Amino acid sequence: MEKQIILDGKHVAKEVKDSLKHRVEALKEQDITPCLATILVGNDPSSETYVKMKGNACGRLGIRSMQIHLPEETTTDQLLDQIIALNEDESVHGILLQHPVPRHIDERLAFDTISIEKDVDGVTTEGFGQTAFHFGRFPSCTPAAIMEIINFYNLEVEGKHAVVIGRSPILGKPVSMMLLNRNATVTVCHSKTENLPQIVQQADVIVAAVGMPKFVKGDWVKEGAVILDAGYNKGNIGDVDYDSCVTKASAITPVPGGVGPVTISMLLKHTVLSAEMKS
Ligand SMILES: Nc1nc2c(c(=O)[nH]1)N[C@@H](CN(C=O)c1ccc(C(=O)N[C@@H](CCC(=O)O)C(=O)O)cc1)CN2
């Protein structure tokens, strides 16, 4: 195998954030402060951490963050009212509803209530459709992060067999569409897939988005494959068994320090773009 690359998400995220600095300044010269509103429902500790990380990242770049924390017992209607108020608030350029919401809430309806112009997190059905048809402005942030890493490191995807493990609406499905739009041959695997290890063994590019710690094992991986681990399991453990996979891969994202930091930088990038589109 030629030289192996550990794909450094912190470095990619820094490059993205650095490229946004002058754009935020230019907006401020026009008296526009980009603003991201985040909504967190309930008290899931990991979600609290992620929302805090997003708020801090906004602050460091001069983006205003409006953090709304609703109680666990919030109803779907109450959440929709909050989203509608943010849709109507001219000072807000992006709205992020942290996933997952408590089980009694209709999350899909809540996501789809976010106006398309402010869907900087790429969670609406319309946003997904735009991504699938390759003209969306704001693809879902983790898939956007994966593509950013692929672009940054010039990893080849055209004509390659990409195996995506997971089919969630904000990760597996959109990243599959984005890889397809880059002319990869895409196989989407999920919990009912038979012979999963044999399918993964055929992959030139593996995207792990299954939500199970250390799910992908080294003996499933073809020599020289590119591995992008989008897992964010408790204890900062990815979906890939890094130690057994690193010896096989030509390029691999670690967890922490891989896809996660780039995800947040993509959210900032989309928020700045949304503000620019209104200026
Ligand atoms: N509405 C959304 N909800 C969720 C999304 C999303 O994109 N939109 N993604 C995930 C979690 N997530 C952001 O919300 C997220 C998870 C992890 C990281 C990250 O940078 N992790 C670090 C390690 C964490 C740490 O330092 O404490 C890393 O991998 O290096 C960013 C974003 C679920 N919900």
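The numbers here are math on the coordinates, done by the rules we state, and not lab data. Predicted, not measured: the structure shown is a model, and the values here were computed from it. In this analysis, Cβ positions are derived from the backbone assuming ideal geometry, glycine residues included, and neighbour counts consider all displayed protein chains.
Which lysines does K269 reach when only Cα atoms under 24 Å apart count, and residues fewer than 8 places away in its own chain are ignored?
K10, K14, K17, K21, K28, K52, K54, K118, K173, K278
If you wrap a convex hull around the C-alpha atoms of segment 190-234 and split its volume per residue, what is the figure in Å³?
67 Å³
How many percent of DSSP beta bridges within the chain run antiparallel, rounded to 5?
5 percent
Which length gain, in nm to one decimal place, applies between R103 and K222 when the Cα-Cα distance is subtracted from 0.36 nm times their residue separation?
Length gained, R103 through K222: 39.0 nm.
Taking the DSSP beta bridges in segment 141-260 as the whole, what percent of them are antiparallel, to the nearest 5?
Counting only bridges with both partners in segment 141-260, antiparallel ones make up about 5 percent.
How big is the shadow of the Cα convex hull of segment 19-109, averaged over all directions, in nm²?
6.2 nm²
Which of the listed residues, W220, M277, V240, is farthest toward the dipole's positive end in segment 210-279, when Lys, Arg count +1 and Asp, Glu count -1 at the beta-carbon?
Sorting the options by dipole projection puts first M277.
What is the log10 of I(q)/I(0) for segment 123-279, computed with the Debye formula using one identical point scatterer on each Cα and no solvent, at q = 0.15 Å⁻¹?
Debye output, listed in q order: -0.73.
Report, to one decimal in Å, the Kirkwood hydrodynamic radius for segment 199-258 based on all distinct Cα pairs.
10.9 Å
Please state the relative contact order of the chain as a whole percent: Cα pairs under 8 Å, 6+ residues apart?
Once divided by the residue count of the chain, the mean separation gives 22 percent.
When you have a sec, figure out the Kirkwood radius of the chain from all distinct Cα pair distances and drop it here in Å to one decimal?
Value: 19.1 Å, from the Cα pair sum.
Could you check which residue among R103, R23, R182 shows the biggest mean-square fluctuation in a GNM of the chain with a 10 Å Cα cutoff?
In the Gaussian network model the winner is R103.
Quick one: angle between helix 259-278 and the longest Cα principal axis of the chain, in degrees between 0 and 90, rounded to 10, please.
40 degrees
Given 4 °C and 1.567 mPa s, how large is the Stokes-Einstein diffusion coefficient of segment 120-191 in µm²/s, with Rh as the Kirkwood radius over Cα pairs?
108 µm²/s
Can you compute the equivalent ellipsoid semi-axes for segment 55-101, i.e. the square root of 5 times each eigenvalue of the Cα gyration tensor, sorted largest first and rounded to whole Å?
Ellipsoid semi-axes (Å, largest first): 22, 14, 7.
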